[in-house]
Amino acid sequence: STCATGNTQYGWYFDLPATGEQIIYSPTLIGGAVVVNTAIPPVISALQCNPGLQTGWTMAFDPASGGGFKEGFFPGADGSFGTGTSTVSGIRLDAVGTPTTVTYGGQTYLVTQTVQGSAALSKVNPPNSVNASRVSWKELTN
């Protein structure tokens, strides 16, 4: 319904950093985290024979706060799921579609398809009952 202020937008808003980056695939809920693939269109030039492929990031956020988690959802460069300021909430997979997960040996893995048609597999750390803190998401209010 319409708000008294005329604001009819609800939910979370995120300023995606890349030029033309957008969310065109359906998000999914994985262990309490909203996970989504973004799409960054390639730069197309009449001088190029190869127009290039889109790129993009796979991001996870807390739907209750709109921010990241105290523990990383994705592993850092050292392979660990850091805490505090060293947490990773997004990785570049150049993925398309909606990601899913599989569990093997007690570990959860995110599975998605890349723009080149291959599978991308990444170990993830779905959140427990941790308290989240907002990273860069803005809450839309009326």
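The values are calculated or read from the model by the stated rules, or taken from the named source; none is laboratory data. Computed from a prediction, not measured in an experiment: that's the story for all the values here. Positions of Cβ are generated from backbone atoms using ideal geometry, with glycine treated the same way; all protein chains shown enter the neighbour counts. Surface accessibility is based on the protein's heavy atoms, side chains included, excluding ligands, DNA and RNA. Shrake-Rupley method; radii C 1.70, N 1.55, O 1.52, S 1.80 Å.
Computed over protein heavy atoms with a 1.4 Å probe, the carbon and sulfur contribution to the accessible area of segment 11-122 reaches 56%. Taking 7 Å steps out from each Cα toward its Cβ at THR98 and LEU53 produces label points 2.3 nm apart.
Approximating the spin labels as points 7 Å out from Cα along Cα→Cβ, the ILE24-to-SER45 distance works out to 2.2 nm. A 1.4 Å probe over all protein chains sorts GLU21, GLU71 by accessible area into GLU71, GLU21, starting with the largest. Rolling a 1.4 Å probe across all protein chains gives LYS123 an accessible area of roughly 80 Å².
For segment 33-107, the solvent-accessible area works out to 52 Å² per residue, with a probe of 1.4 Å and every protein chain left in place. Karplus-derived 3J(HN,Hα) values for segment 54-66, using 6.51 cos²θ - 1.76 cosθ + 1.60 with θ = phi - 60°, are 5, 10, x, 10, 10, 10, 10, 9, 7, x, 6, 10, x Hz; glycine and proline are entered as x.
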